[in-house]
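Notes for the one structure printed next.
The values are calculated or read from the model by the stated rules, or taken from the named source; none is laboratory data. None of these values were measured; they are calculated from a predicted model. When we count neighbours, we look across all protein chains shown, and the Cβ atoms used for this are built from the backbone with ideal geometry, even at glycine. Side chains are part of the model used for accessible areas, which takes the heavy atoms of the whole protein and leaves out ligands, DNA and RNA. Shrake-Rupley method; radii C 1.70, N 1.55, O 1.52, S 1.80 Å.
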Amino acid sequence: MMSLPSLAIINRHPPHGTSDGQEALDLALVSGTFGQPVTLFFIGDGVYQLLKNQHSVAIGRKNYSKTFAALDFYDVSQPVVCTDSLAQRGINAEDLCIQADLQSPQQWRAVLAKFDHIVNF
């Protein structure tokens, strides 16, 4: 039986203002459902997607951050988060809504190079 190609999904944008974050999460969940190896990466302003206690109702957006807790259920690997991006924004690991694999830019780039497909949001 042939295995499915691995998929890396890179999140670079904050959670609200565009639908990029929600679309990236939906792609990860659907891919995981069908057994495709998938990992979400959060770099730059994308780390804001993982903040706890987001209140998006005031801007008329759905708070999808609680859906990140379902990644394990869909066989999506633990997300990779850039440590430099967190530090530049004054965010600590305790501020994130889920457990993540915290990696330096050099580490996550090395991991990213092993994927068959990369999609940027």
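Between THR83 and THR18, what FRET efficiency comes out of the Förster formula 1/(1 + (r/R0)^6) with R0 = 30 Å and r the beta carbon distance, rounded to 0.05?
On the way: r = 25 Å, r/R0 = 0.82.
Efficiency computed from Cβ-Cβ geometry: 0.75.
Where only protein heavy atoms count, and the probe is 1.4 Å, what is the accessible area per residue for the chain in Å²?
Per-residue value: 56 Å².
Relative to the first principal axis of the alpha-carbon coordinates of the chain, what is the inclination of helix 20-33, with its axis defined by its Cα atoms, in degrees from 0 to 90 and to the nearest 10?
It is inclined by approximately 40 degrees.
Taking all protein chains as present, what is the carbon and sulfur share of the accessible area of the chain, in % to the nearest whole number, probe 1.4 Å?
On the way: 3670 of 6790 Å².
Looking at the chain in its full context, I get 54 percent from C and S.
Between LEU51 and HIS117, what is the label-point separation in nm under the 7 Å Cα-to-beta-carbon projection?
Each label point is offset 7 Å from its Cα along the Cβ direction, giving 3.2 nm.
At 222 nm, what helix-only mean residue ellipticity would the chain give, in deg cm²/dmol to the nearest 500, using -39500 (n - 2.57) for each DSSP H run of four or more?
Numbers: 3 runs with 28 residues, N = 121.
Estimated from H runs of four or more residues: -6500 deg cm²/dmol.
Which of ASN63, PRO5, THR33 sits closest to the plus end of the dipole of the chain, meaning its Cα is farthest towards the positive end, when Lys and Arg get +1 and Asp and Glu get -1 on the C-beta?
ASN63
Enumerate the lysines that LYS52 could reach by cross-link, defined here as Cα to Cα under 27 Å, with residues fewer than 8 away along the same chain left out.
Within reach: LYS62, LYS66.
Once the convex hull of the C-alpha atoms of segment 63-121 is built, how many Å³ does it hold per residue, rounded to a whole number?
110 Å³
Stokes-Einstein D for the chain at 25 °C, 0.890 mPa s, Kirkwood Rh over Cα pairs, in µm²/s?
Values: Rh = 14.5 Å.
After rounding, the answer is 169 µm²/s.
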